[in-house]
Amino acid sequence: MLIITIISQALLYLCLSLCIGTFMFSLVPNIKRPKITVSKSVLLVALGGILIFSFLPVLQVILFLSTRMAFIDSVQSVLFTFEIGKAWGLTLLITLICSLFVFIFDYNEKRRYGYIGVFLSFLIILSIAWSSHPSSIEPLWGFISDSMHVLAVSIWVGILIIVSWLSSNHDNWLKFLNWFTPLAFLCFGVTIISGLLLMNYVVNYEDYINSWMIPYGQALLLKHLFIIPLIIFAIVNSIFIRRKLKHGASFNPKPWAKAESIIILMIFSATAALSQQSPPKETIISAETISPTFSMFYSEDVHADLNIQLSFNFTSSLLLLLSILFFVLIVLSFIKKVPAALSLLVCILFVFCIYLSFMTGVA
């Protein structure tokens, strides 16, 4: 059930990105972007996905309570008294309004329709952030931080996924980069700042390494490690590809944009895993709460007062050097015009090696 929930939450972020990315593109003139056509059916499916995938955590609570009371009573209790239920009710209302708007109006016809779509997508994000972990810990700033985090990522990823997977050509790519590059760096900056604020609500910075002992910390570490190759691909797609396009119009940048979007989807998966785990500030370290993955590398007894630290040994140092080698290969793969798919594989190997380096270095 946990795996299904994690996948559903990753798909939820993907559906949010598709919606807001589609409406964002409707605001951009055709001469400043490749040819893109996102049908109403695709957008309606994405909105339906938002409804379904955002409901699964609510369903988990309903099923849990149904073991203690009648199923109908548990449904009523969760939907009308629990924050997660009331938040999903608001998501349901806004999503239905947005679906009706998409069905009736052509969002590509007039720019104001695009603005309405972006606004409705933003309201959906606010309703989902209402029931998040940070919002439950810090109702105001946790809610604001989580909303800004999801909004910035959704805009960045939504535009990237649509232009790389749903565009029929790569015409006007330079003009596309002229406005997307500063927007992407702005979104990345907001993501980092809001991410640090969100992290502060769930884990003390000085206990970051200790958090690796529990599933939440494992997912957080993987998320942070995947950000490293993401930065590389973002630089490649925004700076180096611009230079190549200026010297050769035949160069196709779409595979590299696709590779960047896949890395972000991996980060989505790690973020989805975070939403399903108990954060460090609410978790007491014990044999029952320790991550099975961490237990594979740490054989000592665990207890509530245990403090681990990073102490590189021969194995961890060797793996770190190997990860540095893969990091260099990521950069060289673009310079040597290696296929983007191979560069993506090298990125995954880089994350795998540096993760193993950290895990074998804990003591």
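The values are calculated or read from the model by the stated rules, or taken from the named source; none is laboratory data. Being a predicted model, the structure only gives us computed values, none of them experimental. Counting neighbours? That spans all protein chains shown, and the Cβs are built from the backbone with ideal geometry, glycine included.
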Residue check, PHE180 outside the structural domain of LEU230 (by TED's automatic domain parsing) and either at pLDDT 90 or above or of a type in the set (A, V, I, L, M) (or both): yes
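Residues of segment 25-64 being among the hydroxyl-bearing types (Ser, Thr, Tyr) and out of contact with any helix residue (DSSP H, G or I) (no Cβ under 9 Å at 6 or more places or on another chain), which ones?
Listed by number, the residues that qualify are THR37, SER39, SER41.
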Failed item in (1) crowded, with 21+ Cβ neighbours inside 10 Å; (2) in contact (Cβ under 8 Å) with a residue 40 or more places away in the chain; (3) of a type outside the set (Phe, Trp, Tyr), with SER147 passing the rest: (2)
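Quick check on this structure: which one of ILE330, ILE324, ILE308 is in the same structural domain as ILE285 (by TED's automatic domain parsing) and without any contact (Cβ under 8 Å) to a residue 40 or more places away in the chain?
Just a single option satisfies the conditions, and that option is ILE324.
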From the set of residues in segment 230-241 that are more than 13 Å from PRO182 (Cα to Cα) and not aliphatic (A, V, I, L, M), which is surrounded by the fewest Cβ atoms within 10 Å (Cβ to Cβ)? PHE240
For SER194, indicate whether it is assigned to a helix (DSSP H, G or I), buried (at least 20 other Cβ atoms within 10 Å of the Cβ), polar (S, T, N, Q) and touching a residue at least 60 places away in the same chain (Cβ under 8 Å). no
Pairs returned, first residue in segment 1-16 that is assigned by TED's automatic domain parsing to the domain that holds SER154, second residue that is at pLDDT below 75 and part of a helix (DSSP H, G or I), beta-carbon separation under 9 angstrom, 6 or more apart or interchain, are THR5/SER275; ILE6/SER275; GLN9/SER275
Got at least one residue in segment 35-56 being in contact with a strand residue (DSSP E or B) (Cβ under 6 Å, 6 or more places away or on another chain), in contact (Cβ under 8 Å) with a residue 12 or more places away in the chain and surrounded by 15 or more Cβ atoms within 10 Å (Cβ to Cβ)? yes
VAL157 - would you say it is β-branched (Val, Ile, Thr), assigned to a helix (DSSP H, G or I), in contact with a Cys (Cβ under 8 Å, 6 or more places away or on another chain) and crowded, with 16+ Cβ neighbours inside 10 Å? no
ARG68 being of a type outside the set (Val, Ile, Thr), more than 29 Å from VAL45 (Cβ to Cβ) and surrounded by fewer than 13 Cβ atoms within 10 Å (Cβ to Cβ): yes
Would you check if there is a residue in segment 250-273 being outside any helix (DSSP H, G or I), over 11 Å from the mean Cα position of the chain (by Cα) and over 16 Å from VAL338 (Cβ atoms)? yes
Inside segment 12-39, can you point out the residues that are touching a Phe, Trp or Tyr at 6+ places or on another chain (Cβ under 7 Å) and farther than 16 Å from LEU160 by Cα? LEU12
